[in-house]
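Here is the structure we will look at.
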Amino acid sequence: MKNKAIAISDLKKTYSNGFEALKGISFEVAEGDFIALLGPNGAGKSTTIGVICSLVNKTAGSVSVFGHSIDQHLEAAKRCIGLVPQEFNFSQFETCQQIVVNQAGYYGVPRHIALERAEVVLKQLDLWDKKDSQARMLSGGMKRRLMIARALMHEPKILILDEPTAGVDIEIRRTMWTFLRELNEQGTTIVLTTHYLEEAEQLCRNIAIIDHGTIVENTSMKDLLSRLDIETFILDVDSVPNELPKLENVEYRIRDESTIEIDVPKEKALNQVFESLTEKGIRVLSMRNKSNRLEELFVQLTERAQVVDREQKNEN
Amino acid sequence: MKTKVYNKQAFIALQSILVKEITRYFRIWIQTLLPPAITMTLYFVIFGQLIGSRVGLMEGVSYMEYITPGIIMMSVITNSYSNVASSFYSAKFQRNVEELLVAPVPTLFILLGYVFGGVSRGMITGVIVTLVASQFVELQINNWAIVCFVVILTSMMFATAGLVNAVFAKSFDDISIIPTFVLTPLTYLGGVFYSIKMLPEFWQNVSLANPVLYMVNAFRYGFLGVSDIPIENAIALIIFFIVGLFSIAYYLLAKGIGIRS
Ligand SMILES: Nc1ncnc2c1ncn2[C@@H]1O[C@H](COP(=O)(O)OP(=O)(O)O)[C@@H](O)[C@H]1O
Ligand SMILES: [Mg+2]
């Protein structure tokens, strides 16, 4: 079994104003994984990351990073993580090189090594020609990349990115995806928060969905997508048969003496389903969609992502 | 196993904080290093040359020479204090303090980094003002060791106080309240321009409650060999303040007051 890169158990956070941002979340990230923490704004993604990176004090629960508990071995835990926060948080007046070299210094990397690494990392992120520019002179996309460069200076085992592509135009977003994918292939565990479903789909193997401070789903991307392809209907019938119909990829369940639930893949024609029911002599009186918490969330997420995309296209 | 052994990495972190701090005030030297040179030149011209020439000797030296140590000390105090107050406050405000919080830098070293940053600016300012002063008076130094010791301790004390101020500050105004309403009056009333022996007895006793008086006099003793206060008392008092403020600052940073939610 692989090591746990991150293990979070029953994590709770109540802010000083009494707001309960995390209501007891648990999840694990395997070493080498590429996982998305997906959720709408205000879901608690940044709070979760804040706790992992000791920017936010937790109220209850436990967090460990590569087996180092943040309560007992905080410094060891910190060494494993590189953080790319949601908001720009470098000094606007320092140059790119100063920012990354000092950051390496905070992790104990001697200056001459830090200078060499800065060259490598800034070149990788296409910022080398800006090394002597003050951070405030950079474009939004460059600032975002500067934060990635800064997070990589101490060669962390896990890279955590909080909405790294928010406000970044589509082209740069794709270059960033390629970069992250390569980094992951070379062995860095990556945790990324986003509210773009597409981003999670493109990049991640696993996904944890968070909403209102709870994890509503934690599974593989593949499983999730296949589940999203299935629609569930509730049928009111005059009588429930002894034997349910059989149809490939369709699942029938009896709920009570006058209700049947069916899961139908989106590409399946409903005619076939009705034929199968007719064959068994089942009369359908009415039919409705079963509202699905997960789907609702997704509709919400994808709608928002589309709006954001449109806004960005307008900006450019 | 539980004793804390700070490794080499913590010292590299300390060095990085210092580099960052020193780079910061050199980058904005027009706001940081130039003003004390200008203000102090004015003090020397006005109080030292114009008015001082009518004052006559104080404790056996010219008035100009008498006020020089106090004026140097005054700029060391303000600059150590405001360096840490504004640097730490803006690190909070721009959130780049998070760069330190996510990294494995021991709290003690974050504190030392900012304090030494403030001390270094205090020292540089001290040197600048001393150079300005030497254009106006022939400076004599009675005891180098005391001069250095007192000036370093004083700037440590005020640098630490500046950090405590920044932790509680909620706006840029909050970091100028203490310098304006507390530090400036205390320095002016701290015997920079006069000897407390010139005051009525009641006001002499009131003055003894002003910590700046002790620092100015200890520093003056280092230069001129004269002091209103026994020098040991002065040094003991400064050390007492440093220990107190340092403990408070350490506690605030370790708890993450004002920087961690
Ligand atoms: N410092 C804070 N004090 C009080 N409430 C906060 C604070 N930070 C975040 N919150 C609240 O906690 C909730 C979760 O926020 P956050 O973790 O930033 O969400 P996300 O990153 O998923 O958008 C939000 O409702 C937000 O308003
Ligand atoms: Mg967020």
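A few notes on this one:
- Projected-area mean, region B:40-190, by convex hull of Cα positions, square nanometres: 10.0 nm²
- Kirkwood Rh, angstrom, region A:230-293 [1 / mean 1/r, Cα pairs]: 11.8 Å
- Per-residue shielding of B:90-102, expressed as the average number of other chain Cβ atoms within 10 Å of the residue Cβ, stands at 6.
- Buried surface between chains B and A: roughly 2600 Å² of accessible area, summed over both sides, computed with a 1.4 Å probe on protein heavy atoms only.
- Which of A:Cys53, B:Cys148 is most accessible, then next, and so on - probe 1.4 Å: B:Cys148, A:Cys53
- Heavy-atom SASA rank of B:Thr125, A:Thr178 (probe 1.4 Å, accessible area, largest first): A:Thr178, B:Thr125
- Average partner coverage of B:25-33, which counts Cβ from other chains inside 10 Å: 1
- In chain B, excluding the sites themselves, the longest stretch lacking any of the GluC sites (Glu not before Pro) that are in a DSSP loop with at most 16 other Cβ atoms within 10 Å is B:139-261.
- Under-5 Å amide H pairs with A:Glu231, H placed in peptide plane, nonlocal only: A:Val264, A:Lys266
- Between A:Thr189, A:Thr232, A:Thr95, the Gaussian network model of chain A with springs among Cα atoms under 10 angstrom shows the greatest mean-square fluctuation at A:Thr232.
- Longest DSSP-loop-exposure-free segment, chymotrypsin sites (Phe, Trp or Tyr not before Pro), chain A, at most 14 other Cβ within 10 Å: A:20-316
- On a per residue basis, region B:189-249 carries 45 Å² of accessible surface, using protein heavy atoms and a 1.4 Å probe.
- Around the amide H of A:Ile190, modelled in the peptide plane, lie the amide H atoms of A:Asp33, A:Phe34, A:Ile35, A:Leu159, all under 5 Å away and 5 or more residues distant in sequence or on another chain.
- For chain B, the Cβ-based charge dipole about the Cα centre amounts to some 920 debye (Lys, Arg positive; Asp, Glu negative; other atoms uncharged).
- In terms of Cα atoms, the Rg and Dmax of region A:13-76 work out to 12.3, 37 Å.
- Beta bridges assigned by DSSP with both partners in the protein assembly as shown are antiparallel in approximately 70 percent of cases.
- Calculation over all alpha carbon pairs of region A:4-220 in 5 angstrom steps from 0 returns a P(r) of 1, 7, 15, 19, 20, 17, 12, 7, 2, 0 percent.
- With N as its number of residues, the protein assembly as shown has a Cα radius of gyration that, divided by 2.2 N^0.38 Å, comes to 1.32.
- Over the C-alpha trace of region A:192-249, radius of gyration and Dmax come out as 17.0, 49 angstrom.
- Averaged per residue, region A:4-220 has 38 square angstrom of accessible surface, using a 1.4 angstrom probe with ligands and nucleic acids left out.
- Relative contact order, whole percent, for chain A stands at 19, derived from Cα pairs under 8 Å and 6 or more residues apart.
- Element breakdown for region B:2-255 at a 1.4 angstrom probe: carbon and sulfur atoms account for 69% of the accessible area.
- Region A:4-220, accessible surface, carbon-and-sulfur percent (1.4 angstrom probe): 46 percent
- Whole-percent pair-distance distribution, where bins are 5 Å wide, for the alpha carbons of region A:154-193: 6, 23, 29, 25, 13, 4
- Applying a DSSP loop filter and a limit of 15 other Cβ atoms within 10 Å to the trypsin sites (Lys or Arg not before Pro) in region B:154-261 leaves B:Lys170, B:Arg260.
- Value of Rg to Rh for chain B (Rh from inverse mean 1/r over Cα pairs, i.e. Kirkwood): 1.00
- Computed with every protein chain present, the accessible area of A:Ser276 is close to 10 Å² [probe 1.4 Å].
- Region B:194-238 shape via C-alpha gyration tensor axes, a/c threshold 1.5: oblate
- Principal-axis tilt of helix B:144-168 within chain B, Cα atoms, nearest 10 degrees: 50 degrees
- Dividing the alpha-carbon radius of gyration of region A:32-143 by the rule-of-thumb value 2.2 N^0.38 Å gives 1.22.
- Computed 3J(HN,Hα) for region A:16-23, one whole-Hz value per residue from the Karplus formula 6.51 cos²θ - 1.76 cosθ + 1.60 where θ = phi - 60°, is 4, 7, x, 6, 8, 7, 10, 10, glycine and proline marked x.
- Beyond 23 Å in Cα-Cα separation lie the following of the pairs A:Lys266/A:Lys290; A:Lys45/A:Lys130; A:Lys131/B:Lys20; A:Lys13/B:Lys255; A:Lys23/A:Lys290; A:Lys23/A:Lys157: A:Lys45/A:Lys130; A:Lys23/A:Lys290; A:Lys23/A:Lys157.
- Partners of A:Lys268 within straight-line reach, counting aspartates and glutamates whose Cα lies under 15 Å from its Cα and excluding those fewer than 8 residues away in the same chain: A:Asp229, A:Glu231, A:Glu248, A:Glu251.
- Heavy-atom accessible area order for B:Tyr214, B:Tyr25, largest first, 1.4 Å probe: B:Tyr214, B:Tyr25
- Top of A:Lys131, A:Lys290, A:Lys23 by mean-square fluctuation, Gaussian network on chain A, Cα under 10 Å: A:Lys290
- For the segment A:51-58, counting C-beta atoms of other chains within 10 Å of every residue's C-beta and taking the mean gives 4.
- Report summary: the helix-based calculation at 222 nm, which adds -39500 (n - 2.57) for every DSSP H run with n ≥ 4 and divides by the residues of the protein assembly as shown, gives -16500 deg cm²/dmol.
- Per residue, region B:3-115 exposes 39 Å² of accessible surface when a 1.4 Å probe is rolled over the protein heavy atoms with every protein chain present.
The values are calculated or read from the model by the stated rules, or taken from the named source; none is laboratory data. Remember, it's a predicted structure, so these values are computed and weren't measured experimentally. With ideal geometry, Cβ positions are generated from the backbone for all residues, glycine too; neighbour counts draw on all protein chains shown. Just the protein is used for accessible areas: all its heavy atoms, side chains included, with ligands, DNA and RNA removed. Shrake-Rupley method; radii C 1.70, N 1.55, O 1.52, S 1.80 Å.
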